[in-house]
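Let me begin by presenting the structure, written as C-alpha cells, before commenting on it.
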Amino acid sequence: MSIKYPDTQLFLNGEWRDALAKESLEIINPATEEVIGKVSHARKEDLDIALNAAEKAFNSWKNVSAYERSKILRKAADIVRSKADEIATLMTLEQGKPLVEAKMETMGAADSIDWYAEEGRRAYGRIIPSRAPQGVYQFVFKEAVGVVAAFTPWNFPLNQVVKKVAAAFAAGCTAIVKGPEETPASVAELIKAFDEAGMPKGSINLVYGIPAEISEYLIAHPIVRKVTFTGSTAVGKLLASLAGTHMKRVTMELGGHSPAIVCEDADVKAAVKILSANKFRNAGQVCISPTRFLVHDSVYEEFVDGFVEQAEALNVGNGLDEGVKMGPLAHDRRLTAIEGFVSDAVENGAKVLTGGKRKGNKGYFFEPTVMTNVSNDARIMNEEPFGPLAPINSFSSIDEVIEEANRLNYGLAAYAYTNSAKTAQDLGQAIESGQVSINHHGLGLVDTPFGGVKDSGYGSEGGPEGLDAYMTTKLVSQTGL
Ligand code: NAD
C-alpha cells in the first residue's frame, strides 16, 4: 500500500492540534535515513490541557457501565482492524519492521482491545462472610484507579500502548499517553480509533516531547494516580523512584536478558528454527528476545551450525519490500550500541561466525550476527543488547545452566528445549523469571500475564492481572441502622 506519511499532532481534550509553542521533532525512516515527517512536541502548558481533560473525563467514564464501555472498546477494535493495512504501512515507514510483522502487531492490538472489552465486564468484587451472627455485610469492590500516565517505547508502537490503555479504559480509567517520539503516526491511528469509537472527550490524550520533561511533570502531578512504563531498566528505576516519592501506583515493564537453554535431549532442529526466528524478529529489539543461548555440549555444534545457516538465509532489507524478514534497527542510537556490543565481545575473546557489522551505508541495517566463545565479562552477556546478536555458549550440566540463567539481575523471560518432562519441570521452577516458555515460543498473548521479576520490573500486562493493575480494592462493611 502506497501512503503519504503524515505529520503527527498532539491529541488533547478530544482535539488534534499542534503544541502551543509550535515546536516539533523530525521523524526519520530507518530504512532510508530520510526525514519523512514531524511530530508535535508538548510542553507543560500542553500537558496541563491533557491533565485537566483526563480528570474531567474520568469523573464520567468511571460511571459508565462496564457493558457500555465494552461496546465502545469493541468498536475501536473493529476500526483498528479495518485500517490495518494503512496502520501497518505507517509503522514500517517509521519503525522499520517488515510489513508482515507490522500487520500482525496491528491485528494483535485489535485482539487485545477485544479481550479487555470482555475482561472489563468481569471485574468482580466479593462478599466476605461476617464474624457477626447476622446483619453485617462486608463488600469488596473494584474501582478504577484514576488518571493514568502511560509511557511507551518505539519497538512495538501499537502493542505497547494498547496493553496499557485497553486495560485502563476497560477498568474505567482515563489516560495520557506519552508515545514514542520515533514512531508517532501509527500510535496516533490507534488513538483515533478509540476516539472514533466513542470514547468521551478528554478520556484519551496523546503527547510527545522530551521524555524526561514529560515524565517528571506528569508523575509528580496530583491528577495522575497510576504510572505505567515500558522501556529500559535504568529509566524504569528513575520513574519508579519518582512515582514512589508521590505514592503513585506503578507498573514497570523493563528490560530482559533471556536465557535460551537447549538440553541434550532437545529437538535441536525445532529449537534452531523457533529460537532463530524469535532472535531476529523486529531485528532483536524485543524485551523478551532470546539473548543468552546456552546449549548442551553434546548438541552444541549441531545447534550452532543450524543457527548460522538460518542467520545467513535471512533476507534483510526495507520492511516494505516483499519477502524481507528483518528490517533495519529503529534508530541510529541502536546502530552505535550494537556495534559497541560486538567490538567489546570480540575484545573479550568472542568469535564472530556470521555478521558482526553494519549492512550497507544507508539505513540502520545490521547483519544477523552469531558469536561463540563469548566471555561472561563481555558487555553483551550482562547488558540487554536489544539487537540482532546471538551469543551461543555451551554447558555440561543442568545445575550449571540454571546458575548461569539466574546469574543476572534481569528476570523477564526464559526459554528451554528438552524432551524430558522432569527437566522441563525442574527448569520451569528453578529459573528466576516472570515468564518461562518450554519447547515453543508461547509468550506475549493478551490472555496471559506478561511481566518480570528482579530488575525487569513489577506488575503484569495481559491477563486478568493486567486489568487489576488499573483498579483499586475498596471494602465497604455495612449493617442496618
Ligand atoms: P532510552 O532508555 O532512552 O529509551 C527507552 C524508552 O524510554 C523510550 O521510549 C524513551 O522515550 C523512554 N524514556 C527515556 N527516558 C525517559 C524518561 N526520563 N521518562 C520517560 N520516558 C523515558 O533508550 P533507547 O535508545 O530508546 O532504547 C534503548 C534501550 O531501551 C534498549 O537497549 C532497551 O534496553 C530499552 N527498551 C526496552 C523496551 C522494552 O520493550 N522493554 C523498549 C524499547 C527500549
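The values are calculated or read from the model by the stated rules, or taken from the named source; none is laboratory data. Note that the coordinates shown come from a computational prediction; the quantities given were computed from them, not determined experimentally. As a convention, Cβ positions derive from the backbone with ideal geometry for all residues, glycine included, and neighbour counts pool all protein chains shown. The protein model used for the area step is the full one, side chains on, heavy atoms only, and it has no ligands, DNA or RNA in it. Shrake-Rupley method; radii C 1.70, N 1.55, O 1.52, S 1.80 Å.
Of these, Gly355, Gly340, which one is within 30 Å of Ile36 (Cα to Cα) and more than 16 Å from the ligand (Cβ to nearest atom)?
Gly355
List every residue pair whose Cβ atoms sit under 6 Å apart, with the two residues 6 or more apart in sequence or on different chains, where the first one lies in region 246-273 and is touching a residue at least 12 places away in the same chain (Cβ under 8 Å) and the second, anywhere, is surrounded by fewer than 19 Cβ atoms within 10 Å (Cβ to Cβ) and aromatic (Phe, Trp, Tyr).
Met252/Tyr458
Going by the conditions given, is Val324 assigned to a loop (DSSP other than H, G, I, E, B), within 16 Å of the ligand (Cβ to nearest atom) and modelled with pLDDT of 95 or more?
no
What are the residue pairs meeting all of these: first residue in region 280-309, first residue outside any loop (DSSP other than H, G, I, E, B) and at pLDDT 95 or above, second residue within 16 Å of the ligand (Cβ to nearest atom) and open to solvent by 10 Å² or more (accessible area, probe 1.4 Å), Cβ atoms under 7 Å, and 6 or more apart or on different chains?
Arg281/Glu101; Asn282/Glu101; Gly284/Phe386; Pro290/Asn278
Within region 301-313, can one find any residue that is open to solvent by less than 10 Å² (accessible area, probe 1.4 Å) and either farther than 26 Å from Leu408 by Cα or within 12 Å of the ligand (Cβ to nearest atom) (or both)?
yes
How many residues does region 174-232 hold that are within 16 Å of Leu73 (Cα to Cα) and of a type in the set (Lys, Arg)?
Within region 174-232, residues that are within 16 Å of Leu73 (Cα to Cα) and of a type in the set (Lys, Arg) number 2.
Regarding Gly349, is this residue surrounded by 17 or more Cβ atoms within 10 Å (Cβ to Cβ) and either in a loop (DSSP other than H, G, I, E, B) or small (Gly, Ala, Ser) (or both)?
no
Would a scan of region 390-403 turn up a residue that is within 16 Å of the ligand (Cβ to nearest atom) and more than 20 Å from Ile274 (Cβ to Cβ)?
The answer is no, given that none of the residues of region 390-403 is within 16 Å of the ligand (Cβ to nearest atom) and more than 20 Å from Ile274 (Cβ to Cβ).
Return the residues of region 215-239 that are within 11 Å of the ligand (Cβ to nearest atom) and in a helix (DSSP H, G or I); say none if nothing qualifies.
Answer for region 215-239, where residues must be within 11 Å of the ligand (Cβ to nearest atom) and in a helix (DSSP H, G or I): Ser215, Glu216, Tyr217, Leu218, Ile219, Thr233, Ala234, Val235, Gly236, Lys237, Leu238, Leu239.
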